[in-house]
């Protein structure tokens with residue numbers, strides 16, 4: 001069973017194995033149709049496609065962030081359409097860094113499916129290894145359907161009210177909570193906000209950009225990831241850590257890195273920054 005990362009060289013000989021389901025998660029926030037268009041041109045053999053907005057998120061409302069968690073029953077139905085059942089080994093990939101693939105990884109674990117891994121290095125690493133690709137328009141004809149039952153684990157999620165209480169009560173400032181923001185340093189500091197209408201971060205949060213989990217496009221070794229997050233925990237257990245970002249997507253990359261490092265138990269602030277700023281009364285910090 002692969003439950004965090006899988007190298008291209010390990011995946012390649014498994015292609016065509018019964019029970020293996022490969023999901024293409026390529027996406028671009030500025031060009032929402034790009035990933036699906038690229039998938040239609042070329043993809044890993046027998047891969048299905050998961051669209052961030054349509055499959056891996058719910059519709060945005062006036063009170064949510066940009067990528068709310070999808071309804072569990074709808075996601076479970078979609079998993080069945082992709083051919084996933086309780087015995088499936090799922091491998092998710094995207095164009096490289098793994099942020100969008102990690103979103104699917106986390107969502108499947110949230111529904112109770114543990115046999116899911118992210119392709120380390122994504123499509124870029126796969127192509128660098130000159131591994132096989134499937135060309136031309138994908139056809140859904142003949143694709144197997146399955147019955148997938150998933151039950152969401154509420155203990156893996158932190159809501160805005162809980163984060164707000166941690167800020168206002170001082171729990172975050174005293175270090176009993178650890179809130180880690182995965183956005184780039186300039187967005188965290190409020191110097192360069194390109195996606196959301198308010199710049200800055202949740203007071204008391206620390207910044208661990210998800211891209212620093214990588215070296216030359218691949219995840220760092222588990223011991224290096226462990227060092228990175230252990231410093232942020234400052235003696236607290238992993239269960240004290242809550243991961244956030246702009247909309248609950250790249251935060252999943254940090255959660256994957258934590259799991260790969262053997263630091264299980266951290267939660268996702270699914271609404272993240274884009275939900276936090278929906279209420280102008282919530283405090284905003286800048287700098288750092």
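The values are calculated or read from the model by the stated rules, or taken from the named source; none is laboratory data. Just so you know, these numbers come straight off a predicted model, no measurement behind them. Cβ coordinates were reconstructed from backbone atoms using ideal geometry, including for glycine residues, and neighbour counts include every protein chain displayed.
Keeping to the range 54-70, report how many residues are without any contact (Cβ under 8 Å) to a residue 24 or more places away in the chain and within 19 Å of the chain's Cα centre (by Cα).
Residues that pass the stated criteria total 6.
Checking the condition out of contact with any strand residue (DSSP E or B) (no Cβ under 7 Å at 6 or more places or on another chain), loosely packed, with under 15 Cβ neighbours inside 10 Å and part of a loop (DSSP other than H, G, I, E, B), which residue from 66, 54, 74 passes?
Of 66, 54, 74, the one residue that is out of contact with any strand residue (DSSP E or B) (no Cβ under 7 Å at 6 or more places or on another chain), loosely packed, with under 15 Cβ neighbours inside 10 Å and part of a loop (DSSP other than H, G, I, E, B) is 54.
If residue 146 satisfies all but one of (1) touching a residue at least 40 places away in the same chain (Cβ under 8 Å); (2) in the same structural domain as residue 272 (by TED's automatic domain parsing); (3) surrounded by 13 or more Cβ atoms within 10 Å (Cβ to Cβ), what's the number of the condition it fails?
Just one mismatch for residue 146, condition (2).
Pull up the range 4-30, narrow it to residues that are assigned to a loop (DSSP other than H, G, I, E, B) and within 18 Å of residue 89 (Cβ to Cβ), then point me to the one that is modelled with the lowest pLDDT.
16
Might you let me know whether the range 192-203 holds any residue that is outside the structural domain of residue 93 (by TED's automatic domain parsing), buried (at least 17 other Cβ atoms within 10 Å of the Cβ), touching a residue at least 12 places away in the same chain (Cβ under 8 Å) and assigned to a strand (DSSP E or B)?
The answer is yes, given that some residue of the range 192-203 is outside the structural domain of residue 93 (by TED's automatic domain parsing), buried (at least 17 other Cβ atoms within 10 Å of the Cβ), touching a residue at least 12 places away in the same chain (Cβ under 8 Å) and assigned to a strand (DSSP E or B).
Somewhere in the range 265-272, is a residue out of contact with any strand residue (DSSP E or B) (no Cβ under 9 Å at 6 or more places or on another chain), in contact (Cβ under 8 Å) with a residue 12 or more places away in the chain and surrounded by fewer than 24 Cβ atoms within 10 Å (Cβ to Cβ)?
No, the range 265-272 contains no residue that is out of contact with any strand residue (DSSP E or B) (no Cβ under 9 Å at 6 or more places or on another chain), in contact (Cβ under 8 Å) with a residue 12 or more places away in the chain and surrounded by fewer than 24 Cβ atoms within 10 Å (Cβ to Cβ).
I need a count of the residues in the range 149-180 that are at positive phi and either touching a residue at least 60 places away in the same chain (Cβ under 8 Å) or in the same structural domain as residue 41 (by TED's automatic domain parsing) (or both).
Matching residues across the range 149-180 total 1.
Within the range 31-45, track down each residue that is in contact (Cβ under 8 Å) with a residue 12 or more places away in the chain and part of a helix (DSSP H, G or I).
35, 36, 38, 39, 40, 41
Residues that are in contact with a helix residue (DSSP H, G or I) (Cβ under 9 Å, 6 or more places away or on another chain) and closer than 15 Å to residue 3 by Cα: find the strands (runs of 3 or more DSSP E) completely inside the range 84-185 holding 3 or more of those.
Once the strands (runs of 3 or more DSSP E) in the range 84-185 are filtered for at least 3 residues that are in contact with a helix residue (DSSP H, G or I) (Cβ under 9 Å, 6 or more places away or on another chain) and closer than 15 Å to residue 3 by Cα, what remains is 89-93, 116-119.
Kindly establish whether residue 158 is within 22 Å of the chain's Cα centre (by Cα), under 22 Å from residue 249 (Cα atoms) and buried (at least 20 other Cβ atoms within 10 Å of the Cβ).
yes
Please list, ordered by first then second residue, the pairs with beta carbon atoms under 9 Å, 6 or more apart or interchain, first in the range 222-245 and at positive phi and assigned by TED's automatic domain parsing to the domain that holds residue 207, second surrounded by 17 or more Cβ atoms within 10 Å (Cβ to Cβ) and at pLDDT 95 or above.
Partner pairs satisfying both residue conditions: 234/178.
Collect the residues in the range 8-26 that are surrounded by fewer than 17 Cβ atoms within 10 Å (Cβ to Cβ), in contact (Cβ under 8 Å) with a residue 24 or more places away in the chain and under 19 Å from residue 96 (Cα atoms), keeping them in residue-number order.
Matches in the range 8-26: 9, 12.
Kindly check whether there is at least one residue in the range 205-225 that is within 14 Å of the chain's Cα centre (by Cα) and assigned to a loop (DSSP other than H, G, I, E, B).
yes
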